[in-house]
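Remarks on the structure that follows.
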Amino acid sequence: MSGSAESSPENKIRGPGTTFAEERDHSPVPRVLTFADAFAVQFSLIALASSILGVFDGLQSAGPSFFWAWVLGGALQLCIGISIARITSAYPVSAPCYQAVRQRGGGALAWMVGYLLIVGYLAAAMYFNHALAPYLLQIVGVTHPTGAESLVVAVALLAVQSLINVQAISFAALISRATAAIMIAAIAAAVGALLLAGMRQEPLFLFNSSGTAVHEHVPAFLLALLQPAGIISTFDSVGNLADEVRLPRTTVGRGVVAANLAAYILGLVLIAVPLLAVADLGKAMHAASPLVYIIQVRASPALALAFEVVAMIALFTTSLMLQASAARALSTIARQSGVLGAGLLSTRNKNNAPTAAVVCCAIIAGLPMFWAPVEFALGETGTEAWAAGYGITIAVFLLAELRGRRLSARAQRFWDSGTVNDTCAVVGSLALVVLLPIPYIASIPIGIAATIGIGLLLYRLRVYPRVAA
């Protein structure tokens, strides 16, 4: 429809005989999720309390100046998130990125986008479970867990999350609400305690780049700059739940953008205040967990321990919601593309949960863990898959609009992110796709190549024959 406004994406993209508009306005499942749920789900997926512990590893390589890596890298992620929020607003149904690319870029490209995003969800979900396992084992007295012990706990966590995800989505959303509230309270308590203890450094201290650790492949600041890409992300996660969200055209986008912005601002505070409160930079840099060390020394050991517990809860909830989101996207894409077992994957149980899709996601997420070299690469592979999927989606959308295929005011009710923002998002996503594998050059490129190869093979064997027929 070149040269004219596109009325709305109301072609038949949800299934035989059903238009986009019909399924958008008459969801097959109850709409129970509100703006608060959308915010909580996205905020819990970011898992700021646990993610920021990893961000503080930048203190060892880039010194306190890693603060500016969060400022710049986080801002880029906000740009990408705003562009994806606009797309989820225009396509207020499950798997919005897949739906957008399918209409504007074709079925093959849409399949790859949907596939990459699902892989990203599941790779990250199992990575977080594996990261959580040693902490849980230490609680029961296993101070030096073996790989096999960690694997058993990680798989057990996945099983528990699967049991939760075959219940009504309101149950998982309630857990997300509780987790988001606990995280915000823990961050406020940590920051407040450090402020009361007093600042020991001047603001110029944040420009100190006296890191000691050196990475053989990338500069220290660039390594820190890449970290926000795996934290402020999962931009279409709430969109995958859109069939169960009230007023999804506005609720989903606003909830995601609000959560992203809140995480970005809280992240700035949670990095800056501890850095300015540190008394001995050398000891903090060499601590096993610099942020925990600073809270222990300047506030109290009890508060540091409580913060770590909240971080563990956040990891569990993140994996839980990643699986919930992936299962709904898989259910939708399977129904529309005709992959093996599409009928089973698209069915819902009495709780309106896609049981088969949840189980399938658990199997896909769990299998790579039995090969030790994959464990290290899961988190980075997930981030790379997200960057590629979001970059392709925004690029397809942007090119279509530059050719005159603009959305109507109704379909663009959330907001117009603007050509400049969308262009920055595409360039940023492309940069992430290129740069993310460099620190892990021995594992990530192989993992991504294998992931794309499997996706293309599945499309050729299962999807393309159906499309051609």
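No lab work stands behind these numbers, since they all come straight from the coordinates. These numbers were taken from a predicted model, which means no experiment stands behind them. Backbone-built Cβ (ideal geometry, glycine too); neighbour counts: all protein chains shown.
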Report the label-to-label distance for residue 139 and residue 29 in nanometres (one decimal), using points 7 Å from each Cα along the Cα→Cβ vector. 2.8
Assuming R0 = 51 Å, what is the FRET efficiency of residue 312 and residue 457, from their Cβ-Cβ distance, to the nearest 0.05? 0.85
Once the piece of chain linking residue 258 and residue 403 is laid out straight, how much longer is it, given 0.36 nm per residue of separation minus the C-alpha distance between them? 49.1 nm
Below 8 Å between Cα atoms, with a sequence gap of 6+, how large is the relative contact order for segment 191-289 in percent? 57
What number in nm² do you get for segment 25-468 if you take the convex hull of its Cα atoms and divide its surface by four? 20.3
If R0 = 51 Å, then residue 359 and residue 184, at their Cβ-Cβ distance, give a FRET efficiency to the nearest 0.05 of 0.95
In terms of the alpha carbon gyration tensor, root eigenvalues a ≥ b ≥ c, rounded if a/c is under 1.5 and otherwise prolate when a/b exceeds b/c or oblate, segment 148-201 is oblate
